[in-house]
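Everything below concerns the one structure shown next.
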Ligand SMILES: Cc1cc2nc3c(=O)[nH]c(=O)nc-3n(C[C@H](O)[C@H](O)[C@H](O)COP(=O)(O)O)c2cc1C
């Protein structure tokens, strides 16, 4: 499982984790280091990772996410809250450069997110990105500064059950060539 296509095929959103298999801090550092290689607006690198690994803190974070995602996170070694610093990516001298404003920070975070997921897969880890969370509760729990916009919670662990690949659109449904 080494070629890019094999890694892409192996990555699935995993909703069942093996609690007996730990995730190491060093593994997560390696995954985040790869994510940092992604491009970003003017190399702004505004993406941030709040990595929750202790059982006590994971239990508290579970109370800040949708119940179905709390279930999914059981057995995952880490819950990673992703954020980005607002007002920088897509901004010049404090003003948005164009219509997208802070959406560029979210775009950069998404690019890092893809690197994050695929590097984790290459290392034998499994993931799921979740968007259903209470940002205010997450901010309070982890004391995330107000200048960071909270985006997703990514669970990282070892699968105990494979995911099913949802059907993808055909290229000609989404791409127009000029
Ligand atoms: C931004 C984002 C938010 C998501 N939120 C959730 C979620 O809250 N709960 C969940 O079970 N899956 C969530 N997913 C996973 C998607 O349902 C999944 O990626 C999609 O169905 C495709 O399946 P695959 O990842 O296995 O290819 C999310 C994915 C993304 C990218």
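Since every read-out is calculated from the coordinates, none of them should be taken as a lab result. Note that the coordinates shown come from a computational prediction; the quantities given were computed from them, not determined experimentally. Methodologically, a virtual Cβ is constructed for each residue, glycine included, from the backbone with ideal geometry; neighbour enumeration extends over all protein chains shown.
What the table below lists for this structure:
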{"quantity": "Gyration tensor over alpha-carbon atoms, region 4-162, equivalent ellipsoid semi-axes in Å", "calculated": "27, 19, 12"}
{"quantity": "Nitroxide proxy distance, nm - points 7 Å out along Cα→Cβ at residue 10 and residue 136", "calculated": "4.2"}
{"quantity": "Calculated SAXS-style log₁₀ I(q)/I(0) at q = 0.24 Å⁻¹ - region 1-71, Debye, Cα scatterers", "calculated": "-1.28"}
{"quantity": "Counting DSSP beta bridges with both ends in the chain, the antiparallel % (nearest 5)", "calculated": "95"}
{"quantity": "Residue order, fewest to most beta carbons within 10 Å, for 49, 178", "calculated": "178, 49"}
{"quantity": "The chain: most fluctuating residue of 18, 126, 136 per GNM, C-alpha cutoff 10 Å", "calculated": "136"}
{"quantity": "Highest-fluctuation residue, 114, 78, 35 considered, GNM on the chain with Cα pairs under 10 Å", "calculated": "114"}
{"quantity": "Label-to-label distance, nm, for residues given as residue 176 and residue 95 (7 Å Cα→Cβ offset)", "calculated": "3.2"}
{"quantity": "Largest-first principal axis extents, alpha carbons of region 34-102, Å", "calculated": "43, 25, 17"}
{"quantity": "For the chain, built as a Gaussian network whose Cα springs stay under 10 Å, the top-fluctuating residue of 151, 164, 85", "calculated": "164"}
{"quantity": "Whole-number percent relative contact order across the chain, with pairs defined as alpha carbons under 8 Å at least 6 apart", "calculated": "35"}
{"quantity": "Euclidean distance of C-alpha centroids, region 47-62 and region 118-150, integer Å", "calculated": "8"}
{"quantity": "Length released on extending from residue 123 to residue 162, taking residue separation times 0.36 nm less the Cα-Cα span", "calculated": "12.4 nm"}
{"quantity": "Alpha-carbon centroid distance for the pair region 152-167 / region 12-38, whole angstrom", "calculated": "11"}
